[in-house]
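Working notes, structure below.
Please treat every number below as a calculation from the coordinates, not as lab data. These numbers come from a predicted model, not from an experiment. Cβ coordinates were reconstructed from backbone atoms using ideal geometry, including for glycine residues, and neighbour counts include every protein chain displayed.
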Amino acid sequence: MNKGNLAGQIFEDPRYHEACRSCMNCGVCTAICPAAGYYDYDPRVIMNLIRDSDEETLTALLQSDLIWYCGQCMSCKPRCPRSNVPGAMIQILRSVSIKNGLFSKSSLGRQQLAIKRAIGHNILETGYCIHPTRVDPEMHPEQGPVWAWMSNNSDQVYGRFDAGYDQAGPGLLRKISKNSLDELDRIFEVTGCKELWDQIENSHLSL
Amino acid sequence: MSKYWKEYQKEIADDNYFYVRSCIRQNFFPGAENLFIDILRNKLGKTVFEDADHTTCTGIGYHTDIVPLETTMTVVSRQFALMMEKGYENLVVSCVTSFGLYSEILDMWKHNPELKKKIAGYLAEATGRKFMEPKNMVHASDILYKYRNDIAAIAKHKLVNRHTGEPLKIVDHIGCHYAKTFPERGVGGAEFPQVLTGLITAWGGQTVDYPERRHCCGFGFRNYLVQENRGYSIAQSKIKLESMKPYEPDLMVANCPGCAMFLDRWQYTLEETEGSIYGARGRKIPVVTHEELAGMVLGYDPWEIGLQTHQVEVEDLLDKIGIDYNPELKYADRKGNLIGEPEMIQHHLC
């Protein structure tokens with residue numbers, strides 16, 4: 001893992017060119033940002049800190065809660081008068097934070113472990129990000145009684161709309177073939193996702 | 001294509017579509033995608049191919065930062081390869097998160113050929129498949145927009161209140177990743193989105209303009225998926241619901257499956273936690289997807305297209321439009337046997 005030189009890692013990300021063209025610090029991103037209205041969060045400040053490129057400042061930023069508030073709606077993009085994308089900058093910062101193990105210093109950053117074990121494992125085990133059998137009504141009371149009915153009677157409910165539910169072949173929530181799951185698994189291996197997941201698991205263990 | 005406002009229009013292929021399904025839409029609106037395919041094949045006479053081997057695009061994993069950019073790109077390149085292997089080049093995407101992600105990836109490959117070459121190498125190494133790109137890529141709601149007048153010509157119902165003769169007041173909610181990320185890829189761009197307004201007006205309804213019309217539904221990815229963060233998510237939907245309440249909308253329509261789900265579910269939660277109700281006459285506001293809206297005007301059976309899988313009940317809306325339904329089959333299985341009803345369904349009347 002390439003540690004140190006955080007500014008270099010940020011600038012080398014392929015998304016950087018789109019994320020930060022020439023911020024003039026106007027603050028429109030903060031004005032439109034749903035996260036700024038809910039948390040003590042200000043994407044304008046983040047864009048400012050990045051341009052300072054100071055390693056000490058960047059280290060503090062990447063191990064703070066600040067980079068984990070953004071909801072990734074990207075409402076900032078169309079409104080920025082310089083076509084910057086603070087939401088994409090956040091993606092870069094989170095990526096560099098995880099690669100360098102800094103995310104585990106933040107209580108919000110440490111939530112990556114739970115997300116990895118839920119969404120990540122869903123992807124490689126089912127071929128879907130989410131699946132009716134894995135959205136437990138007891139853990140999701142906000143989903144309401146209709147969802148509980150759907151989840152508890154999934155074969156009958158989903159089967160009404162497609163007889164091929166959870167079966168091989170095309171259709172609604174088809175069972176993804178072993179060959180396709182194997183291809184996904186190899187993609188995750190060769191592109192470095194599994195190495196990233198090891199980093200998330202190991203950072204948790206070292207706390 | 002109109003000769004005016006060309007920068008707000010987009011090329012939408014006429015036929016021969018390769019359809020990729022949505023994780024969220026399949027889970028929460030299980031009748032919607034088969035309905036869309038049926039409309040295209042049997043009402044509009046189009047060819048739609050669906051490949052059993054396509055998988056999630058990993059979009060939720062990408063936007064929760066547990067799946068790196070290059071992994072997501074390689075998974076998406078596999079979807080494109082499957083399409084080209086089957087002889088198709090026009091991609092139709094069900095999910096708005098996926099659509100935004102595909103748009104981002106195609107744009108990055110255009111501007112970064114070295115990255116594109118790297119992904120082609122990953123694809124070959126992991127799957128043995130050949131790297132290719134689609135000729136045309138649209139969201140499923142774009143197709144309905146393109147053929148909205150053809151649908152209107154064969155529609156059984158109009159989006160009109162049959163009791164008053166007035167057009168239904170309809171909130172259009174465009175998923176953020178439909179056009180905010182790449183405005184040129186959305187009909188009407190990010191500031192003047194027409195993709196759902198076009199459907200509503202072509203089918204007899206009236207759109208509702210309200211202050212927070214373009215505010216995010218509040219999914220927020222990690223802000224919903226992690227249980228302790230969900231206050232963010234419900235707070236954003238509440239902003240929208242409070243803003244639209246004075247206009248007394250008859251329904252909402254969303255082209256993003258996540259948005260449709262949250263605007264539906266958070267109404268239930270806000271009522272349970274605060275006693276707040278945002279529709280007229282003490283009733284909640286039904287939320288439908290673009291496919292379901294088309295299915296309603298085309299006269300499909302509401303329970304066969306999945307309107308019973310919404311938390312907010314739709315019977316009032318069906319009655320306003322004049323759509324027949326059999327209450328006894330609402331919670332039935334494929335053979336008509338009653339599955340059992342959801343518990344705690346509440347009816348709020350004046």
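Values as computed for the structure displayed
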| read-out | value |
| --- | --- |
| Computed Rg/Rh of region A:6-101, alpha carbon atoms with Kirkwood Rh | 0.92 |
| Whether chain A is rounded, prolate or oblate, judged on the alpha carbon gyration tensor where a/c under 1.5 counts as rounded | prolate |
| Stokes-Einstein D for the protein assembly as shown, Kirkwood Rh over Cα pairs, 37 °C, 0.692 mPa s (µm²/s) | 137 µm²/s |
| Eligible lysines near residue B:146 by straight Cα distance, threshold 17 Å, same-chain separation 8 or greater | B:3, B:6, B:10, B:43, B:46 |
| Dipole axis of chain A (+1 Lys, Arg; -1 Asp, Glu on Cβ), positive-most option in A:41, A:19, A:66 | A:19 |
| Nonlocal amide H pairs with residue B:160, under 5 Å, H built at 1.01 Å | B:168 |
| Computed over region B:104-212, the ratio Rg/Rh where both radii use C-alpha atoms and Rh is Kirkwood | 1.16 |
| Cα convex hull of region A:111-205, projected area averaged across orientations, nm² | 7.3 nm² |
| Farthest toward positive dipole pole in the protein assembly as shown [+1 Lys/Arg, -1 Asp/Glu at C-beta], among B:216, A:84, B:54 | A:84 |
| Scattering curve values for region B:156-329, log₁₀ I(q)/I(0), Debye with Cα scatterers, q = 0.11, 0.17 Å⁻¹ | -0.44, -1.08 |
| Cα-based Rg and Dmax for region B:13-140, where Dmax is the largest Cα-Cα distance (Å) | 14.5, 44 |
| Share, in percent, of DSSP beta bridges within the protein assembly as shown that are antiparallel, nearest 5 | 10 percent |
| Projected-area average for region A:91-144 over all orientations - Cα convex hull basis, square nanometres | 4.9 nm² |
| For region A:102-130 and region B:18-67, distance of Cα centres in Å | 23 Å |
| Within 10 Å of each Cβ in B:220-232, the average number of Cβ atoms from other chains | 6 |
| Dipole axis of region B:85-225 (+1 Lys, Arg; -1 Asp, Glu on Cβ), positive-most option in B:136, B:182, B:195 | B:136 |
| Partners for residue B:335 among lysines (Cα-Cα distance below 21 Å; same-chain residues under 8 apart left out) | none |
| When the convex hull of its Cα atoms is projected in every direction, mean area for region B:81-134 (nm²) | 3.9 nm² |
| Per-peptide average of other Cβ atoms within 10 Å, ordering B:234-246, B:72-84, B:270-282, B:298-310 highest first | B:72-84, B:298-310, B:234-246, B:270-282 |
| Lysine-lysine proximity count for region B:156-329, Cα under 15 Å, sequence distance 8 or more or distinct chains | 10 |
| Estimated dipole of region B:156-329 in Debye, rounded to 20 [Cβ of Lys and Arg +1, of Asp and Glu -1, Cα centre] | 520 debye |
| Magnitude of the charge dipole, region A:5-71, Cβ model with Lys/Arg +1 and Asp/Glu -1, debye to 20 | 320 debye |
| Residue of A:11, A:161, A:188 that the Gaussian network model of chain A assigns the largest fluctuation, springs spanning Cα pairs under 10 Å | A:161 |
| Residue mean of other protein chain beta carbons inside 10 Å, B:198-207 | 0 |
| Shielding by partners - mean other protein chain Cβ count within 10 Å, residues of A:120-130 | 6 |
| Alpha-carbon centroid distance for the pair region B:276-340 / region B:105-120, whole angstrom | 44 Å |
| Cα-based reach from residue A:116 at 20 Å (exclusive), listing lysines while leaving out same-chain residues under 8 positions away | A:99, A:105, A:194 |
| Chain B - Rg and Dmax from Cα coordinates, angstrom | 20.3, 64 |
| Unit charges on C-beta of K, R, D, E only; dipole of region B:1-80, Debye | 300 debye |
| Sites residue B:163 and residue B:301, calculated FRET efficiency, Cβ-Cβ separation with R0 22 Å, nearest 0.05 | 0.50 |
| log10 of Debye I(q)/I(0), alpha-carbon scatterers only, for region B:170-235 at 0.15, 0.17, 0.23 Å⁻¹ | -0.57, -0.69, -0.96 |
